[in-house]
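Data block below; observations after.
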Amino acid sequence: MSVGAALPDGVRTQSVGPDAAAAPSAPARVSRVLRGTRGRGNPGKRRRRIAYLYLAPALSVYTLFVALPWVHTVWLSFYTWDGVTLGTWDGLGNYRGVFTDPTMLAALEHALGFIVFFSFLPIAIGLPLAAVIGAAGGKRRYPVSRAVLFLPQVVPLVAVGVMWRWMYAQNGLVNQILGAVGLGSVTRAWLGDFTWAYVAVGLVGTWVMTGLTLVVFQAGIQKIDTSLYEAARIDGAGPVREFFAVTLPGLRADIGVALTVTVIAALASFDVVYVTTGGGPGTSTIVPGVLIYQLAFTDGRVGAACALAVVLSALIALIVLAIGRLVREKP
């Protein structure tokens, strides 16, 4: 029943009840306003204007807090500046330093190497785990296992670093377990060892990222059409063949998402490395994130730190674009 129907014509401005369902939505009202102010025009252009209206707040925040600081960083990278006194123009000098300074080159190499630990290993572990724990058509979903594996993602990385620093210590849990199984001869202070510190920190990244990849792949498996699994079983496919014939192709886009997120985490790693080793011993675990911090806030080489940050940003953008092209599905 419409209340507005019982009112005089002059005050019949609002209806309540079933007729309210026909009231225009917010986007429709915005569209009507634009149509009234600009005439009929091109419908496609009108829709784009409405889309820009909705995107404007997010674009404003992104421009203010991401784009403009990045442009300022590029500008500072051309100066020799200690962060306090007046800087001097250095042109491309800081960029030449990035590709000739042994410490900076080592940091970039370590970041690229961390892709194995932060990305490849978690994906290799997460894929079969997701297939076993949450395969389509499975009767058990193992919620406790998923929660335990995803736990590192909800714990602050600083806390993760502190915990693993204790576990890797000379009298820590890792050495206690090795001693208990008869491998006491290989125990050592893992984070202080020039040979094993890099691997030890990398395995922390594997532990952190595995839960993330597991959740991404489980969500992807639930979107795969179950009739594909039924058809595979009718053809006599076992779990392994089912995984390679149905699950893996169906997760192509999800693998791309997981690869992108974990690669960025590897190249931009800072928290875990800074808390566990600080880049040491020597420079055996130094990464760009830690080195940028040291250059800018300890050594007073802001321009060099900005140049390294710009190179790292470009490297991340190139790798992410390459991943996007690799995993893009052909029409």
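The values are calculated or read from the model by the stated rules, or taken from the named source; none is laboratory data. As the structure is a computational prediction, the values presented were derived from the model and not from experiment. Positions of Cβ are generated from backbone atoms using ideal geometry, with glycine treated the same way; all protein chains shown enter the neighbour counts. Heavy atoms of the whole protein, side chains included, go into the accessibility calculation; ligands, DNA and RNA do not. Shrake-Rupley method; radii C 1.70, N 1.55, O 1.52, S 1.80 Å.
Odds and ends about this structure:
- Checking VAL154 against (1) at pLDDT 90 or above; (2) of a type in the set (A, V, I, L, M, F, W, C); (3) open to solvent by 70 Å² or more (accessible area, probe 1.4 Å), the condition it does not meet: (1)
- Any hit, the range 38-46, residues being open to solvent by less than 100 Å² (accessible area, probe 1.4 Å), assigned to a helix (DSSP H, G or I) and at pLDDT 90 or above: no
- GLY303 being touching a strand residue (DSSP E or B) at 6+ places or on another chain (Cβ under 8 Å) and at negative phi: yes
- THR285 hydroxyl-bearing (Ser, Thr, Tyr), surrounded by 13 or more Cβ atoms within 10 Å (Cβ to Cβ) and modelled with pLDDT of 90 or more: yes
- Screening the candidates VAL216, VAL208, VAL201 for the property of being crowded, with 17+ Cβ neighbours inside 10 Å, modelled with pLDDT of 90 or more and farther than 30 Å from VAL186 by Cβ yields one hit, VAL216.
- Unmet requirement for PHE194, which otherwise passes all of (1) open to solvent by 40 Å² or more (accessible area, probe 1.4 Å); (2) outside any helix (DSSP H, G or I); (3) without any contact (Cβ under 8 Å) to a residue 40 or more places away in the chain: (3)
- Residue match in the range 118-138 (condition: modelled with pLDDT of 80 or more and over 24 Å from the mean Cα position of the chain (by Cα)): yes
- Residues within the range 290-300 that are open to solvent by 20 Å² or more (accessible area, probe 1.4 Å) and under 14 Å from PHE114 (Cβ atoms), tallied: 0
- Of the criteria (1) touching an Asp or Glu at 6+ places or on another chain (Cβ under 8 Å); (2) surrounded by fewer than 19 Cβ atoms within 10 Å (Cβ to Cβ), which one GLY303 fails: (2)
- Qualifying residue in the range 226-244 (condition: buried (at least 16 other Cβ atoms within 10 Å of the Cβ), modelled with pLDDT under 90 and touching an Asp or Glu at 6+ places or on another chain (Cβ under 7 Å)): yes
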